[in-house]
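J.: Take this structure first; my questions come after.
The values are calculated or read from the model by the stated rules, or taken from the named source; none is laboratory data. Just so we're clear, the structure is a prediction, and the values are computed from it rather than from any experiment. So basically every Cβ, Gly included, is an ideal-geometry build from the backbone, and we count neighbours across all protein chains shown.
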Amino acid sequence: MPVDREPPSWIDDFGSIETDIQAMEEFAATLANEVATGYEPHLQQVVTAMLTELPAGSADFPELGGFLTRHHEVQQQTFSNAFNFRDGTHHFATVAKSISDEYGTTDAYAHAKVADVTDAFAAASDPLSGETKVDG
């Protein structure tokens, strides 16, 4: 999109996108709660089981060595996916709460831009940032 955040001239039917900010916040909070109470405890059990160290393969059996190498790679990706799902859900809930706090109680939501939402996600994704705040 152009710098002024207006749609390109070839889009002649551009309109606003209406959202129910309160419903978005409730959905995100419910999802975050489900992850915290239903996913997180099982995640810890899976992680504990996956941390079981496998014995090294015999040099006389290179296929086993190849399997163990690939197994380790897949295990690392599984760890990443499992924790990214948990963390991403938390980030989504944080952003939804931030947007709701900023725009939900006033007419300010009418002025929210895609950049505001993008910035909120970026801020929620930064573990070093403090409080997530959407500028309006």
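J.: State whether one or more residues within the range 25-39 are more than 20 Å from residue 91 (Cα to Cα), among the acidic types (Asp, Glu) and out of contact with any Phe, Trp or Tyr (no Cβ under 6 Å at 6 or more places or on another chain).
T.: No: the range 25-39 contains no residue that is more than 20 Å from residue 91 (Cα to Cα), among the acidic types (Asp, Glu) and out of contact with any Phe, Trp or Tyr (no Cβ under 6 Å at 6 or more places or on another chain).
J.: Being exposed (fewer than 12 other Cβ atoms within 10 Å of the Cβ) and either acidic (Asp, Glu) or at pLDDT 90 or above (or both) is the filter here; which residues of the range 20-36 pass it?
T.: 20
J.: Have a look at 68, 54, 43 and point out the one that is at pLDDT 80 or above, under 30 Å from residue 93 (Cα atoms) and surrounded by 10 or more Cβ atoms within 10 Å (Cβ to Cβ).
T.: 43
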